[in-house]
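Each remark here refers to the structure printed beneath this line.
The values are calculated or read from the model by the stated rules, or taken from the named source; none is laboratory data. Small disclaimer: the values here were computed from a predicted structure and weren't measured. Backbone-built Cβ (ideal geometry, glycine too); neighbour counts: all protein chains shown. The protein model used for the area step is the full one, side chains on, heavy atoms only, and it has no ligands, DNA or RNA in it. Shrake-Rupley method; radii C 1.70, N 1.55, O 1.52, S 1.80 Å.
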Amino acid sequence: MVDKQTITEVKVDELVDKAVLMKGQGYRLVQISCTFKDRFEITYSFDKDYELEHFRIYGERDEEILSISQVFFSAFLYENEMKDLFGVKIKDIAIDYQGGLYRVAQKTPFAPQKEEEEEAEHV
Amino acid sequence: MTVLHFSTYVIKKLFQKPATHLYPIKKQKFFERTRGHVAIDIDACIFCGMCSRKCPTGAIGVDRTAKQWDIERLKCIQCSCCVEVCPKKCLSMENAYTAPSEGSVKDVFHARVPDNQPDR
Amino acid sequence: MSKRSIVPFGPQHPVLPEPIHLDLVLEDEKVVEAIPSIGFVHRGLEKLVEKKEFTEYVYVAERICGICSFMHGMGYCQAVENIMDIKVPDRAEYLRTLWAELSRIHSHLMWLGLLADAFGFESLFMHCWRLREQILDIFETTTGGRVIFSVCKIGGVRKDIDKDTLKGIVTILDKMQKELKELTDVFIEDYSVQHRLVGVGVLTKQEAHDVGAVGPMMRASGIAQDMRMLGYAAYKYLDFEPVVENDGDCYARTLVRIREIYQSMNLIRQCVEKMPEGEIEEKFKGMPQGERYERLEQPRGEVIYYVKANGTKFLDRVRVRTPTFTNVPALLKVLQGCELADVPMMVLTIDPCISCTER
């Protein structure tokens, strides 16, 4: 028996409101994950009584996203991680490492390379 | 007495056999399933290269023309993936571990070819 | 007002062989604030999924952590199996549960030893690890590996355990339980141990919920949340209740883990009793397509596996959210207002596994 998992799409500017709403209903932040192909998608998962709720936002490479760490304090680690590995621009994180959470040799290693960078490599 | 709780335990242990081995003198006992290192029955090998393609770390090298099979011992992670995919079942997992070493350890096996000098 | 000073803690520290760095802001001997810094052992294992076939990635997943290694492999396999709709045979599910519970005993015993080491009780540490050695021997006889088993595969398990060995495991556990009782009594009743643990690092129920603590950390604060209740693998057939303590201090966290060792032993006995005969793996065809979040209860708490597949043999993305990652904010919470001398103890009671955290 496999439970169905539904992912609700949310607009970028509605995200913080949604987080406040979830917090009010007594949900716990479980995880934030990011996938980056042509554009990035970030999924926020919340849990209450073993039920998971997923919310997903889509955004372009240079789009700015407001942090939810003012609502859920524990979000700061996930957001710094996304900033470091994918180069997602997130504003107002409670503790901002400015890209120094992971000591990586290459900047934003998980993000696909920008076109001009790829060209520069081929030259 | 809560204070003497552990003391009685320790005193009891004083009269029992030690829990450790005198290692280099007394060798470690292996279990039947212990995954130590990969061994090959080179004469049964058909050099299909399946093991080298499936190896997660790329430790195995197969050369079909030279009839050669080699393995980087310290690159191998003993997952026994190659043993499972081998179509001729000529690979097996042996108990003993590879001895520690400073550099890389590469073991090379050659198949006996009838018109060649047999390898020693 | 007293003067503030900053004391760096880690990444190399005698009580903790793993690299976490904390900047502790002190007022006299009291910690006012702590800023964590991780990232010393980031290996980028999640990225490796783009280069390994999805069946091969099990080996990588198992190597994320050296202690809960089996459950990492199991979580990844379960996620892929659920995407591909593979029904794992019952016997394989029972075997997975058995190994998972043995891993829990091994991890908790190791943690008890490390805790004893942290408050300077060296011989207690040695005795905990002596008991743990028997569990490692069980692993070696049944799987062939002491730490990394490589027995989990998509669709089932690689190795079967015969009847006599199963009975042997129960006999070893019965014997071990008697000895373990003597050891855990020391943790529970000894004056000097209590002196270091009781009332230290209290995390209330509300705080635990707000900072998103998981696992024993959360259960010690009175929240009965255990992912095994979701009924994955064979847990749906077994009878158990989450272990809960209400005090939320270091002592409560120790008690939760001690009681979980006994609970795991009980679960293993149930497993051996109920284990059905039959196949241990299900053959499958095709490639996965779709995405899934899979949750498991590791010794340290809830782990989340996210797998996104695109219908080829290479997956798009695997993401692992390990329990220590969410327990770091909880650690910062308990560190506020504690004594400097208690900091190593506090760091240990979240049962940190930093190489898991950074992957």
Take every DSSP beta bridge whose two residues both sit in region C:192-322, then give the antiparallel share in percent to the nearest 5.
100 percent
For chains A and C, what's the summed buried accessible area, probe 1.4 Å, to the nearest 100 square angstrom?
3500 Å²
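Quick one: dipole size for region A:7-122, taken about the Cα centre, charges +1 on Lys/Arg Cβ and -1 on Asp/Glu Cβ, in debye to the nearest 20.
Numbers: 15 positive and 25 negative charges, 103 e Å.
Dipole magnitude for region A:7-122 comes out near 500 debye.
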Please list, by residue number, every one of the GluC sites (Glu not before Pro) in region C:279-344 that is coil in DSSP and has at most 15 other beta-carbon atoms within 10 Å.
C:GLU279, C:GLU282
Options C:MET265, A:PRO109, A:LEU29, ranked by Cα towards positive dipole end of the protein assembly as shown, top entry (Cβ charges):
C:MET265
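Can you pull out the chymotrypsin sites (Phe, Trp or Tyr not before Pro) in region B:13-120 whose DSSP state is coil and whose Cβ has at most 11 other Cβ atoms within 10 Å?
Here the sparse-neighbourhood loop sites are B:PHE15.
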Rounded to the nearest 10 degrees, what's the angle between the helix B:5-14 long axis and the longest principal axis of chain B, both from Cα atoms, 0 to 90?
60 degrees
For chain C, whose charge dipole is built from +1 on Lys and Arg Cβ atoms and -1 on Asp and Glu Cβ atoms, the candidate among C:LEU26, C:PRO11, C:ALA252 with its Cα farthest towards the positive end is C:PRO11
Here region C:49-59 yields Karplus 3J(HN,Hα) values (6.51, -1.76, 1.60; θ = phi - 60°; whole Hz; Gly and Pro given as x) of 5, 6, 10, 10, 5, 5, 6, 7, 5, 3, 5
Go through A:79-86, A:7-14, C:100-107 and give me the packing order, highest mean Cβ count within 10 Å leading.
C:100-107, A:79-86, A:7-14
What percent antiparallel are the DSSP beta bridges of the protein assembly as shown, to the nearest 5?
90 percent
State the answer as a single residue: which of C:PRO89, C:GLN206, C:GLY337 lies farthest towards the positive end of the charge dipole of chain C, with beta carbon charges of +1 for Lys and Arg and -1 for Asp and Glu, about the Cα centre.
C:PRO89
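So what is the relative contact order for region B:33-110, in percent, with contacts set as C-alpha pairs under 8 Å and at least six apart?
Reported as a whole number, the value is 43 percent.
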What's the magnitude of the charge dipole for region B:33-110 around its Cα centre, counting Lys and Arg as +1 and Asp and Glu as -1 at the beta-carbon? Answer in Debye, nearest 20.
260 debye
Computed on protein heavy atoms with a 1.4 Å probe, what is the summed buried accessible area for the chain pair B and C, in Å² to the nearest 100?
2400 Å²
Relative contact order of chain C, pairs being alpha-carbon contacts under 8 Å that are 6 or more residues apart, as %:
26 percent
Report, in debye and to the nearest 20, how large the dipole of chain C comes out about its Cα centre when Lys and Arg carry +1 and Asp and Glu carry -1 on their Cβ.
1000 debye
Any helix of chain C counts here only if DSSP assigns it H throughout, its Cα atoms span 24 Å or more along the axis, and its mean Kyte-Doolittle hydropathy is at least -1.0, and such helices are C:90-118, C:122-142, C:163-189, C:250-274
